[in-house]
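So the structure is just underneath, and the comments pick up after that.
The values are calculated or read from the model by the stated rules, or taken from the named source; none is laboratory data. Quantities reported herein were computed from a predicted structural model and do not represent experimental measurements. In this analysis, Cβ positions are derived from the backbone assuming ideal geometry, glycine residues included, and neighbour counts consider all displayed protein chains.
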Amino acid sequence: MRLSSAAFAFGPLVAAIGSMALMTIAFVTPVPAAQPILDQDPQITEAFSEVSLPLPSPDQIIFCHGYGCKFRTAVALSTADHTRLAAIMAPGKASAEAERRSAAAAVAWFDRLAGPMAGTSNHLARAGVAHAGESGQLDCIDSSRNTMSVLMVLDDLKLLRHHRVDAPVARGFLLDGKAPHVTAVLAEQPSARQWAVDSWTRPGGQPPEVVPLDRWMDMD
(Lines give C-alpha, C1' and ligand atoms only; values in the text may rest on other atoms or scores of the structure.)
Protein backbone atom coordinates (compact mmCIF):
# COMPACT_ATOMS: atom_id res chain seq x y z
CA MET A 1 0.00 0.00 0.00
CA ARG A 2 1.35 3.38 -0.93
CA LEU A 3 0.57 6.18 1.40
CA SER A 4 -0.57 9.62 0.38
CA SER A 5 2.21 12.13 0.08
CA ALA A 6 0.23 14.18 2.57
CA ALA A 7 1.67 11.91 5.23
CA PHE A 8 5.01 13.53 4.54
CA ALA A 9 3.85 17.09 4.82
CA PHE A 10 4.70 17.04 8.50
CA GLY A 11 8.20 15.61 8.13
CA PRO A 12 9.89 18.94 7.47
CA LEU A 13 7.73 20.57 10.16
CA VAL A 14 8.83 18.04 12.75
CA ALA A 15 12.43 18.44 11.67
CA ALA A 16 12.15 22.21 11.92
CA ILE A 17 10.65 22.07 15.40
CA GLY A 18 13.03 19.38 16.64
CA SER A 19 16.10 21.06 15.19
CA MET A 20 15.24 24.48 16.65
CA ALA A 21 16.61 26.33 13.63
CA LEU A 22 19.90 24.44 13.62
CA MET A 23 21.08 25.07 10.11
CA THR A 24 24.31 23.10 9.83
CA ILE A 25 24.84 19.39 9.34
CA ALA A 26 27.77 17.86 11.19
CA PHE A 27 29.31 14.57 10.19
CA VAL A 28 30.69 12.75 13.20
CA THR A 29 32.47 10.28 10.95
CA PRO A 30 33.26 10.40 7.23
CA VAL A 31 30.50 8.96 5.08
CA PRO A 32 31.98 6.89 2.24
CA ALA A 33 29.99 5.92 -0.82
CA ALA A 34 27.97 2.70 -0.62
CA GLN A 35 25.62 0.93 -2.99
CA PRO A 36 22.12 1.94 -1.83
CA ILE A 37 19.09 -0.31 -1.70
CA LEU A 38 17.15 0.40 -4.88
CA ASP A 39 13.59 -0.24 -6.12
CA GLN A 40 12.00 1.52 -3.16
CA ASP A 41 8.62 3.18 -2.98
CA PRO A 42 9.18 6.79 -4.13
CA GLN A 43 7.72 8.01 -0.85
CA ILE A 44 10.39 6.10 1.06
CA THR A 45 13.05 7.68 -1.14
CA GLU A 46 11.45 11.07 -0.48
CA ALA A 47 11.59 10.49 3.28
CA PHE A 48 15.37 10.16 3.02
CA SER A 49 15.85 12.99 0.55
CA GLU A 50 13.92 15.35 2.85
CA VAL A 51 16.92 15.30 5.16
CA SER A 52 19.52 14.82 2.38
CA LEU A 53 20.15 11.28 3.58
CA PRO A 54 21.31 8.53 1.22
CA LEU A 55 19.36 5.30 1.13
CA PRO A 56 20.84 2.56 3.31
CA SER A 57 22.95 -0.26 1.98
CA PRO A 58 23.34 -3.81 3.32
CA ASP A 59 26.97 -2.80 3.84
CA GLN A 60 26.35 0.53 5.56
CA ILE A 61 23.69 2.53 7.37
CA ILE A 62 24.00 6.23 8.04
CA PHE A 63 22.90 6.69 11.65
CA CYS A 64 21.10 10.00 12.27
CA HIS A 65 21.33 11.87 15.56
CA GLY A 66 21.31 15.38 16.97
CA TYR A 67 17.77 16.20 15.69
CA GLY A 68 16.77 16.40 12.06
CA CYS A 69 19.80 14.28 11.07
CA LYS A 70 22.11 17.15 11.97
CA PHE A 71 24.79 14.63 12.92
CA ARG A 72 25.44 11.51 10.86
CA THR A 73 27.62 8.52 11.64
CA ALA A 74 28.45 5.89 9.04
CA VAL A 75 28.01 2.40 10.51
CA ALA A 76 29.49 -0.41 8.43
CA LEU A 77 27.73 -3.78 8.35
CA SER A 78 29.95 -6.82 7.87
CA THR A 79 29.13 -10.36 6.86
CA ALA A 80 29.25 -11.22 10.56
CA ASP A 81 26.66 -8.51 11.20
CA HIS A 82 24.43 -9.99 8.50
CA THR A 83 24.75 -13.37 10.20
CA ARG A 84 23.83 -11.80 13.53
CA LEU A 85 20.77 -10.15 11.98
CA ALA A 86 19.72 -13.48 10.47
CA ALA A 87 19.96 -15.09 13.90
CA ILE A 88 17.90 -12.30 15.48
CA MET A 89 15.25 -12.67 12.78
CA ALA A 90 15.14 -16.48 12.82
CA PRO A 91 12.34 -16.71 15.43
CA GLY A 92 10.28 -14.40 13.24
CA LYS A 93 9.78 -17.07 10.64
CA ALA A 94 7.01 -18.57 12.76
CA SER A 95 4.41 -15.83 12.30
CA ALA A 96 3.83 -12.16 11.54
CA GLU A 97 3.61 -11.39 15.26
CA ALA A 98 6.90 -13.17 15.89
CA GLU A 99 8.51 -11.33 12.99
CA ARG A 100 7.51 -7.97 14.44
CA ARG A 101 9.17 -8.92 17.73
CA SER A 102 12.29 -10.01 15.88
CA ALA A 103 12.36 -6.85 13.77
CA ALA A 104 12.11 -4.76 16.93
CA ALA A 105 15.00 -6.73 18.39
CA ALA A 106 17.05 -6.08 15.24
CA VAL A 107 16.39 -2.33 15.50
CA ALA A 108 17.53 -2.42 19.15
CA TRP A 109 20.65 -4.39 18.20
CA PHE A 110 21.60 -1.81 15.60
CA ASP A 111 20.99 1.04 18.04
CA ARG A 112 23.41 -0.61 20.46
CA LEU A 113 25.92 -1.13 17.65
CA ALA A 114 25.79 2.49 16.55
CA GLY A 115 25.63 3.97 20.05
CA PRO A 116 29.35 3.92 20.95
CA MET A 117 30.30 5.23 17.50
CA ALA A 118 27.77 8.07 17.53
CA GLY A 119 27.85 8.81 21.26
CA THR A 120 24.15 7.99 21.58
CA SER A 121 24.21 4.91 23.80
CA ASN A 122 22.32 6.73 26.54
CA HIS A 123 19.85 8.63 24.38
CA LEU A 124 16.57 9.39 26.08
CA ALA A 125 13.09 8.15 25.32
CA ARG A 126 10.86 10.91 23.92
CA ALA A 127 13.69 13.44 23.84
CA GLY A 128 12.10 16.86 23.39
CA VAL A 129 13.12 20.31 22.27
CA ALA A 130 15.19 20.84 25.43
CA HIS A 131 17.79 18.50 23.91
CA ALA A 132 17.64 19.84 20.35
CA GLY A 133 21.03 19.86 18.69
CA GLU A 134 22.70 17.57 21.24
CA SER A 135 24.69 15.00 19.31
CA GLY A 136 23.88 12.30 21.87
CA GLN A 137 20.10 12.62 21.50
CA LEU A 138 17.58 11.69 18.81
CA ASP A 139 14.33 13.28 17.72
CA CYS A 140 11.67 11.37 15.82
CA ILE A 141 13.17 12.36 12.46
CA ASP A 142 16.42 10.67 13.51
CA SER A 143 14.80 7.63 15.06
CA SER A 144 12.32 7.02 12.24
CA ARG A 145 15.03 7.17 9.56
CA ASN A 146 17.32 4.91 11.57
CA THR A 147 14.53 2.40 12.10
CA MET A 148 13.54 2.54 8.43
CA SER A 149 17.15 1.91 7.45
CA VAL A 150 17.36 -1.24 9.56
CA LEU A 151 14.03 -2.53 8.25
CA MET A 152 15.10 -1.86 4.66
CA VAL A 153 18.34 -3.78 5.20
CA LEU A 154 16.39 -6.69 6.71
CA ASP A 155 14.18 -6.69 3.64
CA ASP A 156 17.15 -6.55 1.27
CA LEU A 157 18.74 -9.49 3.09
CA LYS A 158 15.48 -11.46 2.61
CA LEU A 159 14.91 -11.59 6.34
CA LEU A 160 11.34 -10.24 6.23
CA ARG A 161 8.82 -12.92 5.29
CA HIS A 162 5.59 -11.57 6.71
CA HIS A 163 5.97 -7.81 6.17
CA ARG A 164 7.07 -5.15 3.74
CA VAL A 165 8.54 -1.77 4.62
CA ASP A 166 6.10 1.09 4.04
CA ALA A 167 6.72 4.82 3.92
CA PRO A 168 6.85 6.59 7.29
CA VAL A 169 3.70 8.18 8.65
CA ALA A 170 3.28 11.42 10.60
CA ARG A 171 0.65 12.57 13.08
CA GLY A 172 -0.03 15.83 14.90
CA PHE A 173 -1.01 19.18 13.43
CA LEU A 174 -0.31 21.34 16.52
CA LEU A 175 -3.80 22.75 16.03
CA ASP A 176 -5.29 19.41 17.04
CA GLY A 177 -3.43 19.51 20.33
CA LYS A 178 -0.86 16.89 19.33
CA ALA A 179 2.79 17.59 18.67
CA PRO A 180 4.07 16.52 15.24
CA HIS A 181 5.58 13.05 15.34
CA VAL A 182 6.66 10.51 12.73
CA THR A 183 7.25 6.76 12.80
CA ALA A 184 8.61 3.97 10.63
CA VAL A 185 5.97 1.54 9.34
CA LEU A 186 5.74 -2.15 8.53
CA ALA A 187 2.84 -3.55 6.50
CA GLU A 188 1.81 -7.10 7.35
CA GLN A 189 1.41 -9.46 4.40
CA PRO A 190 -0.96 -10.39 2.85
CA SER A 191 -3.45 -8.33 4.87
CA ALA A 192 -1.52 -5.04 4.38
CA ARG A 193 -2.35 -4.07 7.98
CA GLN A 194 0.11 -1.38 8.98
CA TRP A 195 2.14 -1.30 12.17
CA ALA A 196 4.01 1.66 13.65
CA VAL A 197 7.59 0.82 14.64
CA ASP A 198 8.37 3.77 16.90
CA SER A 199 11.84 3.82 18.45
CA TRP A 200 11.62 7.46 19.62
CA THR A 201 9.49 6.36 22.60
CA ARG A 202 12.22 4.03 23.87
CA PRO A 203 15.65 4.78 25.41
CA GLY A 204 18.93 3.79 23.85
CA GLY A 205 19.32 0.12 22.98
CA GLN A 206 15.72 -0.84 23.76
CA PRO A 207 13.29 -2.38 21.24
CA PRO A 208 10.95 0.10 19.59
CA GLU A 209 7.26 0.29 20.39
CA VAL A 210 5.28 -1.71 17.79
CA VAL A 211 1.55 -1.01 17.68
CA PRO A 212 -1.17 -0.97 15.01
CA LEU A 213 -0.81 2.21 13.02
CA ASP A 214 -4.44 3.24 13.50
CA ARG A 215 -3.95 3.07 17.26
CA TRP A 216 -0.65 4.96 17.00
CA MET A 217 -2.40 7.77 15.13
CA ASP A 218 -4.62 8.37 18.18
CA MET A 219 -1.81 8.28 20.73
CA ASP A 220 -0.16 11.35 22.25
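Within segment 173-185, does at least one residue satisfy the condition of being farther than 18 Å from ILE62 by Cα, buried (at least 17 other Cβ atoms within 10 Å of the Cβ) and at pLDDT below 95?
yes
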Within segment 165-191, residues within 20 Å of SER102 (Cβ to Cβ) and more than 16 Å from the chain's Cα centre (by Cα) come out as GLU188, GLN189, PRO190, SER191
Any idea which residue in segment 192-212 is farthest from the chain's Cα centre (by Cα), counting only those that are of a type in the set (A, V, I, L, M, F, W, C) and closer than 20 Å to ALA125 by Cβ?
VAL211
Give me the residue from segment 157-172 that is of a type in the set (D, E, K, R) and surrounded by fewer than 19 Cβ atoms within 10 Å (Cβ to Cβ) and, out of that set, nearest to ASP220 (Cα to Cα).
ARG164
